[in-house]
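The values are calculated or read from the model by the stated rules, or taken from the named source; none is laboratory data. Treat the numbers as computed from the prediction; the structure is a model and nothing was measured. Here Cβ is always computed from backbone atoms with ideal geometry, including for glycine, and neighbour counts include all displayed protein chains.
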Amino acid sequence: MNKARFIVILIGVLLPYLSRLPNGIAWVNQYLDTGIGGFFFIQTLNAITWGSVLAFSSIYSKPALLLLPAIFGFGFSAKWHFLTDLASDPQASFALIFIPIHSILYVGIGGLIGIFIEKIIIRKTNSKT
């Protein structure tokens, strides 16, 4: 489970930057040109997403189940980091605050599906054998 947790943190930290790569290096630079303060701002807020995925790691017995909250939460975050153009409007940077807050819902949905799979399907299968 420790390897899975490390991978979640690594993906979570790199996600805002990697999700902007398809739009070109100019889009990545919108996040990188913020200095050390901007980096910590983005990472502190982004920790909401990967931290909520990590919270489910204490519930699950199988590391593979972490894929569900990670795919839902990171997918939502990646989509909106990809779409957010900070140069379009002075208020566009507020998206950096709201993206991780809204991603909690998607992490929760994926996490609850994982709990359902673990409690209902996996435990019933193990109890029959």
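Values computed for the structure shown
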{"quantity": "Residue selected from segment 35-68 under the condition of a type in the set (Phe, Trp, Tyr) and under 16 Å from residue 103 (Cβ atoms), by the criterion surrounded by the fewest Cβ atoms within 10 Å (Cβ to Cβ)", "calculated": "56"}
{"quantity": "Every pair of residues 6+ apart whose Cβ atoms lie under 9 Å, when the first sits in segment 2-21 and is on the phi < 0 side of the Ramachandran plot while the second is surrounded by 13 or more Cβ atoms within 10 Å (Cβ to Cβ) and among the basic types (Lys, Arg)", "calculated": "19/79"}
{"quantity": "Residue check for residue 6: part of a helix (DSSP H, G or I) and either crowded, with 19+ Cβ neighbours inside 10 Å or in contact with a Cys (Cβ under 6 Å, 6 or more places away or on another chain) (or both)", "calculated": "no"}
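Let's see how each residue does on (1) assigned to a helix (DSSP H, G or I); (2) under 13 Å from the mean Cα position of the chain (by Cα); (3) modelled with pLDDT under 90:
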| residue | (1), (2), (3) |
| --- | --- |
| 41 | yes, no, no |
| 46 | yes, yes, no |
| 51 | yes, yes, no |
| 70 | yes, yes, no |
| 77 | yes, yes, no |
| 92 | yes, no, yes |
| 104 | yes, yes, no |
